[in-house]
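A quick write-up on the structure given underneath.
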Amino acid sequence: HAGVSDSLVADGSSIEGIVRRSIIFRDVKVERDAVVDNCIVMQGCRIGKGAKLRYVILDKNVVIEPGVELLGSPGHPEVIGKNARISKGANNR
């Protein structure tokens, strides 16, 4: 069920969702039905089932819980710091 296009994906990563125009560092897990578009995802990140990321930069070891949507823009990407855990409906900042 995975789909990867126009992206760089490092070894040790597991892609079960969709990754487009992104850079994925090593040991990243993109779960089923997740969409990662125009993103940079650094080492050790986990992107939960059904999450949607667009124009997002994730530092190391960030966990995006299932169903979370993070939407930045080309001029103002959403940046999430190291070791953060982002959950749906919570005030994460």
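Descriptive notes on the structure:
- Dipole size of the chain about its Cα centre, with +1 on Lys/Arg Cβ and -1 on Asp/Glu Cβ: approximately 200 debye, rounded to the nearest 20.
- Excluding ligands, DNA and RNA, the accessible surface per residue across the chain is 56 Å² with a 1.4 Å probe.
- Separation of the residue 76 and residue 61 label points, Cα + 7 Å toward Cβ, nm: 3.1
- All other residues whose Cβ lies under 13 angstrom from that of residue 7 are scored, Lys and Arg at +1 and Asp and Glu at -1, for a net of 0.
- Answer label for semi-axes √(5λ) of the Cα gyration tensor in Å (calculated), chosen among [x] 17, 14, 13; [y] 20, 17, 10; [z] 25, 19, 10: [x]
- Taking a ≥ b ≥ c as the square roots of the Cα gyration tensor eigenvalues, the stretch 1-40 comes out oblate, since a/c reaches at least 1.5 and a/b does not exceed b/c.
The values are calculated or read from the model by the stated rules, or taken from the named source; none is laboratory data. Just so it is clear, the structure is predicted and the values come from calculations on it, not from any experiment. Note: ideal-geometry Cβ built from the backbone for every residue, glycine included; neighbour counts use all protein chains shown. Only protein heavy atoms, including side chains, enter the accessible area calculation; ligands, DNA and RNA are left aside. Shrake-Rupley method; radii C 1.70, N 1.55, O 1.52, S 1.80 Å.
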